[in-house]
Amino acid sequence: MHRLSTRIKIGGKKIGLVPTMGFLHYGHLSLIKKSKQQADVTIVSIFVNPTQFSPTEDLDKYPRDLDRDKKLLSANGVDYLFYPDASEIYSHNYQTFVDVTNISSTLEGKFRPAHFKGVATIVSILFNSISPDYVYFGQKDAQQVAVIKQMVKDLKYNLKIIVCPIIRETDGLAMSSRNVYLSDNERKDALVLSRSLKLAEKLVKEGERIPDIIISQMINEINSVDSSKIDYVEIVDAENFLVPDNLIEGKRYLALIACRIGNTRLIDNTFLKVS
Ligand code: AMP
């Protein structure tokens, strides 16, 4: 990978990287499309990163279909697939981890304590292996974006992070590789996430400025579905992920949800613009 990226760079070309865990959908393809527009060479990585899963999570059953992914990558004009084996990334006696402290400790970090340490570590390894000029992430994983941006700033990576909007199914469900876990009934129930985010947007539009009131209405909406079990519903300042007392004119906030539908853990979010 080093030899290839050096050759590309000596040729004066810009590398766009799209890091993924595979089982590709239109969300991933939107990132690839953006990279194709901006970069000269697009590299997609597929790596189901063991260090970002806790022992009780779905590492072993995470959906995988490399043949299908390869066809999608070719059809969408991707130049290279980086598909390392876990033993190449985490060789025997591996010891080094990247920990982005504060921003990793809230929300997802509370429910998945080692998750962002695993994410920051693998993303850092990908940056070091590929030396991309542009790296594309989805707003679907809003806190991940904040963690990676902080890491890039702190560790002085010479690259640009480009954040792409959430791609949804026509009925509003945010696309996710994990959606295949949902039964037909759960698939319907899962719409409660996007529905409660829409409710938050509506309340803000109508003038509600107290986060707790918005959150409690979102929680009521989600709890109206029997198969749901909330991890968190939160509103944070979109810049620093701090929890506001009140929503202030001109600022941008994020409403975020993590919720189980049956056994499937889903996350979703939306920007709340106060104007
Ligand atoms: P994953 O394979 O789930 O690790 O996702 C790889 C990248 O695709 C991450 O940057 C995600 O945020 C992004 N992504 C996943 N789902 C979506 C979506 N529905 N819309 C936009 N980006 C997404």
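Annotations for the structure displayed:
- Residues with amide H under 5 Å from that of residue 22, placed H, sequence gap 5 or more: 47
- R0 of 45 Å, Cβ-Cβ distance residue 170-residue 237: FRET efficiency to nearest 0.05: 0.90
- Under-5 Å amide H pairs with residue 168, H placed in peptide plane, nonlocal only: 175
- Of the peptides 160-170, 122-132, 30-40, the order by per-residue mean of other Cβ atoms within 10 Å, starting with the highest, comes out as 122-132, 30-40, 160-170.
- Rg/Rh for segment 2-164 (Cα atoms only, Rh after Kirkwood) is 0.94.
- Sites residue 38 and residue 153 - FRET efficiency at Förster radius 25 Å, r taken between beta-carbons, to 0.05: 0.75
- Taking amide hydrogens as placed 1.01 Å from N in the peptide plane, the amide H of residue 98 sits under 5 Å from those of 121, each at least 5 positions away in sequence or on another chain.
- Stokes-Einstein translational diffusion, the chain - Kirkwood Rh over all Cα pairs, 1.567 mPa s, 4 °C, in µm²/s: 66
- Gap separating the Cα centres of segment 37-67 and segment 212-241, nearest whole Å: 28
- If R0 is 30 Å, the Cβ-Cβ spacing of residue 271 and residue 185 corresponds to a FRET efficiency of close to 0.50.
- Top positive-direction residue, dipole computed over segment 2-164 with Cβ charges, set 56, 75, 35: 35
- For segment 133-270, the fraction of alpha-carbon pairs in successive 5 Å shells from zero, as %: 2, 9, 19, 20, 18, 15, 9, 5, 2, 0
- Heavy atoms of the protein chains alone define the surface here; on that basis segment 2-164 has 51 Å² accessible area per residue at 1.4 Å probe size.
The values are calculated or read from the model by the stated rules, or taken from the named source; none is laboratory data. Computed from a predicted structure; not experimentally measured. Cβ coordinates were reconstructed from backbone atoms using ideal geometry, including for glycine residues, and neighbour counts include every protein chain displayed. The accessibility values were calculated without ligands, DNA or RNA, using every heavy atom of the protein model including side chains. Shrake-Rupley method; radii C 1.70, N 1.55, O 1.52, S 1.80 Å.
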